[in-house]
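Here the structure comes first, spelled out in structure tokens, and everything after it is commentary.
Coordinate-derived values only; no laboratory data. None of the values given here were measured: they were computed from a predicted structure. Cβ placement follows ideal geometry from the backbone for every residue including glycine, while neighbour counts extend to all protein chains displayed.
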Amino acid sequence: MSSYILLTGGAGYIGSHTALCLLRAGYNVISFDNFSNSSAESLKRVEQLAGRTLLSITGDIRDQAALTAVFSQYKISAVVHFAGLKAVGESTELPLHYYDNNVSGTVTLCRVMRHFNVKKLVFSSSATVYGDAKEVPIKETSPRSATNPYGQSKLMIELILEDLVKAEPDWSIALLRYFNPVGADESGQIGEDPNGIPNNLMPFISQVAVGKRQQLSVFGNDYPTKDGTGVRDYIHVVDLANGHLKALQYLEQSKGIEAINLGTGVGYSVLDMVNAFSEVNQVAVPYQIAPRRPGDIAVCYAEPTKALTLLGWKTEKTLDDMVRDTWRWQKHNPNGYRS
Ligand code: NAD
Ligand code: UD1
């Protein structure tokens, strides 16, 4: 019986790129997704790009019976757990929904994994667990805090998984703390497809460039940074996907739990991103300076050496790759997967 890697939330932005990476590396893949923030079209395109099929199962991670059916029917060797809601603003309006989906969903998933003795887990955590870090670059040992229900849900899940490993040391868990994922597969066939008005910078820039939105609002130019705008560690989603492959290989030969930053170690400002996007792609990105967005921090970038030491992973893509690949996806799919 062949074994599978189960991707919860496999149809989403990072899940679909990781599915492609794993298929190309020879793994069998099952995606388990309720399509609350994605469409099945992403997985069809992943199959075309890989020249291989995957199994796509529609289901909710809070549905213990549905998960049990999957684990009963297929031999799962490890789980990569992307499924979750991720909009910060929405999480402050719907906290119960976020805690139920993200935290309860993860507890249910772990229960089922435990029942079937599947104890290898890669979890999608976030740099948001560092809150407003006092020192950059941010190390994995930096104190954790959260200021909104989305961030709180990631932090709670990290604590739950740490307790699980304390109680049952035969689990192998990687908490991957992503910095700011951007970009798309270089084919332009799969990419980030936000619903409605994008919250994040890169999809907003590309929707302005394609003419769907009039101009970008730059949230604050009075931060203590080189040009006054916020600085982040943008990481190409293909590099990020590859980090999951490396994490799975690492979990093959290790027990316990490790938190690992996935970032480049380099910070770029909002204006760096706007300028790179318009120069590399030869397209205008009109913007205006607007007030700071509540809850934003000035500077955030990773100390990424733990990922290199432990996983043998580092980023390879450049800022030019990030803006070029984002634009190729946006241009070819002006309305995302509905194009
Ligand atoms: P996404 O919304 O594109 O993908 C998440 C997927 O999970 C979607 O396909 C959605 O339909 C599915 N899903 C949500 N709740 C589910 C449930 N209860 N049952 C089954 N499926 C469910 O988001 P993404 O950008 O690909 O993010 C993946 C993960 O990485 C999330 O957990 C997110 O919090 C985390 N993360 C994302 C970023 C980012 O900027 N994109 C940064 C840090 C961490
Ligand atoms: C946001 C989330 C964070 C999450 C991360 C990755 C908030 C407050 N934080 O972080 O929890 O982990 O996404 O998904 O939402 N910007 C503009 N104009 C825009 C959009 C963004 O100027 O229209 C600026 C922001 O002020 C920031 C930078 O661009 O300086 C990046 O913003 P964004 O892409 O939203 O990511 P984060 O704020 O880092």
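Could you tell me which of rounded, prolate or oblate describes region 203-339, using a ≥ b ≥ c as the square roots of the eigenvalues of the alpha-carbon gyration tensor, with rounded for a/c under 1.5 and, failing that, prolate when a/b is larger than b/c and oblate otherwise?
Verdict is oblate for region 203-339.
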For region 103-148, with only Lys/Arg (+1) and Asp/Glu (-1) charged at the beta-carbon, what is the dipole magnitude about the Cα centre, in debye rounded to 20?
320 debye
When the chain is treated as a Gaussian network with springs between alpha carbons less than 10 Å apart, the largest mean-square fluctuation among I157, I197, I257 is found at I197
For region 228-243 and region 155-197, what is the centre-to-centre distance using only Cα atoms, to the nearest Å?
14 Å
Would you please give the residues with an amide H less than 5 Å from that of Y178, counting only those at least 5 places away or on a separate chain, with H modeled from the backbone geometry?
S125, S126, A127, L262
For K306, counting only aspartates and glutamates whose alpha-carbon sits under 15 Å away and dropping same-chain residues fewer than eight positions off, the answer is E140, E258
Contour minus end-to-end for Q215 and N117, with contour as 0.36 nm per residue of separation and end-to-end as the Cα-Cα distance?
30.1 nm
Selection from Y98, G183, S125, by position along the positive dipole direction of region 52-203 (Cβ)
S125
Neighbourhood net charge (15 Å Cβ-Cβ; Lys/Arg +1, Asp/Glu -1) for I76:
+4
Dividing the mean separation of Cα pairs under 8 Å (6+ apart) by the residue count of the chain yields a relative contact order in percent of 19 percent
With the charge dipole of the chain built from beta-carbon charges (+1 for Lys and Arg, -1 for Asp and Glu) about the Cα centre, the Cα from T315, P203, Q152 projecting farthest to the positive end belongs to T315
How large is the dipole of the chain about the Cα centre if only Lys and Arg carry +1 and Asp and Glu carry -1, each at its Cβ, rounded to the nearest 20 debye?
420 debye
Sort region 82-180 into rounded, prolate or oblate with this rule: let a ≥ b ≥ c be the square roots of the eigenvalues of the Cα gyration tensor; rounded if a/c is under 1.5, and if a/c is not under 1.5, prolate when a/b is larger than b/c, oblate otherwise.
oblate
Which of the lysines could a cross-linker span from K154 if the Cα-Cα distance has to be under 18 Å and same-chain partners fewer than 8 positions apart are dropped?
K86, K139
What percent do you get for the relative contact order of region 245-310 when only Cα pairs under 8 Å and 6+ apart count?
54 percent
So what is the relative contact order for region 38-186, in percent, with contacts set as C-alpha pairs under 8 Å and at least six apart?
25 percent
Return the FRET efficiency for the residue pair E135, S39: r is the Cβ-Cβ distance, R0 is 41 Å, and the value is rounded to the nearest 0.05.
0.50
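Counting other Cβ atoms within 10 Å, which GluC sites (Glu not before Pro) in region 160-246 have at most 15 and lie in a DSSP loop?
Filter output for region 160-246: E186.
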Step through the residues of region 292-305 one at a time and calculate ³J(HN,Hα) from phi using the Karplus curve (6.51 cos²θ - 1.76 cosθ + 1.60, θ = phi - 60°), rounding each to whole Hz and writing x for Gly and Pro.
4, 8, x, x, 6, 10, 6, 9, 8, 8, 8, 9, x, 6
Say the cut-off is 19 Å between C-alpha atoms; which of K120/K314; K246/K317; K120/K166; K44/K246 go over it?
K120/K314; K44/K246
Charges only on Cβ, +1 for Lys and Arg, -1 for Asp and Glu: so what's the dipole of region 137-260 about the Cα centre, in debye to the nearest 20?
360 debye
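For F116, F179, what's the fewest-to-most ordering of other Cβ within 10 Å of each Cβ?
By the 10 Å Cβ count, ascending: F116, F179.
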Amide H of W313: which non-local residues (sequence gap of 5 or more, or other chain) have their own amide H closer than 5 Å, using H built in the peptide plane?
L308
Which shape class, rounded, prolate or oblate, goes with region 187-253 when its Cα gyration tensor gives a ≥ b ≥ c as root eigenvalues, a/c under 1.5 marks rounded, and past that a/b bigger than b/c marks prolate?
oblate
What residues qualify as long-range amide H neighbours of A83, i.e. H under 5 Å apart, gap of 5 or more or another chain, H built at 1.01 Å from N?
T8, G9
